[in-house]
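Asks: For reference, the structure I am asking about is given below.
The values are calculated or read from the model by the stated rules, or taken from the named source; none is laboratory data. Everything numeric here is computed off the predicted structure, so don't read it as measured data. Cβ atoms come from the backbone with ideal geometry, glycine included; neighbour counts cover every protein chain shown. Accessible surface is based on the protein model in full, side chains and every heavy atom, while ligands, DNA and RNA are left aside. Shrake-Rupley method; radii C 1.70, N 1.55, O 1.52, S 1.80 Å.
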Amino acid sequence: MVKSVNSNNFGAEVLQNKKPTFVDFYADWCGPCNMLAPVIDKLSKEPISKKSDFAKLNIEESEDIASLYGVMSVPTLILFKDGEEQVRMVGVHPKDAIAATIEDALS
């Protein structure tokens, strides 16, 4: 399951999460973001979800968080572990490439 996070709960749901969290920074008007959303949803239901939580953050509703992490274009995918950015992917990527990136970062 992909959680929705925002400025109010980002700290608790992502930065303080005991489990690494993969965050999809997106915007509703973004075509590539809309293409990527079902891919992230599928990943959140696969075995990789035992190693990482999945979340999405609308950059227009949480501009402060997007700015804090230097998100300049969407979609931007960031894996957080222990409150720190581990890996960043910008743009649309195939499901297997995203899963491999998460696996590599967590191993």
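Asks: Is one or more of the residues making up the range 64-78 under 27 Å from Ser107 (Cβ atoms) and charged (D, E, K, R)?
Replies: Within the range 64-78, not a single residue is under 27 Å from Ser107 (Cβ atoms) and charged (D, E, K, R).
For every residue, the table says whether it meets (1) among the hydroxyl-bearing types (Ser, Thr, Tyr); (2) touching a Leu at 6+ places or on another chain (Cβ under 8 Å).
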| position | (1), (2) |
| --- | --- |
| Ala12 | no, no |
| Asp24 | no, yes |
| Ala27 | no, no |
| Asn34 | no, no |
| Ser44 | yes, no |
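Asks: Please specify each residue of the range 27-54 satisfying the condition of being open to solvent by 40 Å² or more (accessible area, probe 1.4 Å), outside any helix (DSSP H, G or I) and touching a residue at least 40 places away in the same chain (Cβ under 8 Å).
Replies: Lys45, Glu46, Lys51 - these are the residues of the range 27-54 that are open to solvent by 40 Å² or more (accessible area, probe 1.4 Å), outside any helix (DSSP H, G or I) and touching a residue at least 40 places away in the same chain (Cβ under 8 Å).
Asks: Using beta carbons and a limit of 9 Å, which pairs, at least six apart or on different chains, have the first residue in the range 81-97 and of a type in the set (D, E, K, R) and the second one assigned to a strand (DSSP E or B)?
Replies: Cβ pairs passing all conditions: Lys81/Thr21; Glu85/Ile78; Glu85/Leu79; Arg88/Thr76; Arg88/Leu77; Arg88/Ile78; Arg88/Leu79.
Asks: What residue, of Val71, Val23, Val87, Val92, is closer than 21 Å to Gly11 by Cβ and part of a loop (DSSP other than H, G, I, E, B)? Explain how you work it out, then say what you get.
Replies: Working: Val23 fails: part of a loop (DSSP other than H, G, I, E, B); Val87 fails: part of a loop (DSSP other than H, G, I, E, B); Val92 fails: closer than 21 Å to Gly11 by Cβ.
Of the residues listed, the single one that is closer than 21 Å to Gly11 by Cβ and part of a loop (DSSP other than H, G, I, E, B) is Val71.
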